Amino acid sequence: QEQLVESGGGLVQPGGSLRLSCVASGSAFSTSIMAWYRQVPGKGRERIAFIGPSGSTSYAPSVKGRFTISRENAKNTMYLQMNSLKSEDTAVYYCNTFPSKDDSWGQGTQVTVSS
C-alpha cells in the first residue's frame, strides 16, 4: 500500500507563506490524481486542492488565488505553496489521492497561522 509523508508545516504570521511537501512511496504516484486536505479539531476533513497526473489543478474557493498545488512525478513528490496565510488556514494538512484512500492517510503536518 502506498505511504504518504507530509512535511513543511510550522508556525507563521498572518500574511506569511509556507511550502508543504508530500512524498509518496510506491509506483502509483505518477498516474494518480493527488490532493491536499486539511482538518481542524471538531470538523471534518476538507479537500482544498487536487492535481491530475499531467498537472491540471482545481482549488477550493477558500484557498483559490493564495495556494498553488504542484507535483514532480520523477520524485514522487507533491507540493502546496501557501501564500497570504490567514488564521483560518490553521489546521493539520494531509495529502492523499482523490478520491482518498482510507489506509493511505499519513500523520499530516501542522500549520499554525498566528501573530
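The values are calculated or read from the model by the stated rules, or taken from the named source; none is laboratory data. Note that the coordinates shown come from a computational prediction; the quantities given were computed from them, not determined experimentally. Note: ideal-geometry Cβ built from the backbone for every residue, glycine included; neighbour counts use all protein chains shown. Note: areas computed on protein heavy atoms with side chains; ligands, DNA, RNA excluded. Shrake-Rupley method; radii C 1.70, N 1.55, O 1.52, S 1.80 Å.
Remarks
- Computed lengthening from residue 86 to residue 17, 0.36 nm per intervening residue step minus Cα-Cα distance: 23.9 nm
- Note on the chain: dipole from Cβ charges, positive end direction compared against 65, 9, 99; the farthest Cα belongs to 65.
- Label-point separation, residue 110 to residue 7 (7 Å along Cα→Cβ), nm: 1.8
- Cβ-based net charge around residue 43, under 15 Å, with every Lys or Arg adding one and every Asp or Glu removing one: 0
- Whole-percent carbon and sulfur share, accessible surface of segment 42-91, 1.4 Å: 47
- Solvent-accessible area per residue for the chain (1.4 angstrom probe, square angstrom): 51
- Cβ-placed point charges (K, R +1; D, E -1), dipole of segment 4-115 about Cα centre in debye, nearest 20: 200
- Label point distance in nm, residue 100-residue 73, each placed 7 Å from Cα along Cα→Cβ: 2.5
- Most to least packed among 68-80, 35-47 [average Cβ atoms within 10 Å]: 68-80, 35-47
- Listed peptides 95-103, 54-62, 4-12 appear in the order 4-12, 95-103, 54-62 once ranked by packing, highest mean of other Cβ atoms within 10 Å at the front.
- Residue 25 versus residue 56: modelled label distance in nm, points set 7 Å from Cα along the beta carbon direction: 3.2
- Segment 51-115: C-alpha pair distances exceeding 21 Å, %: 28
- In straight-distance terms, cross-link reach from residue 43 covers every one of the lysines whose alpha-carbon lies under 24 Å from its own, apart from those fewer than eight places away in the same chain; here that gives 64, 86, 101.
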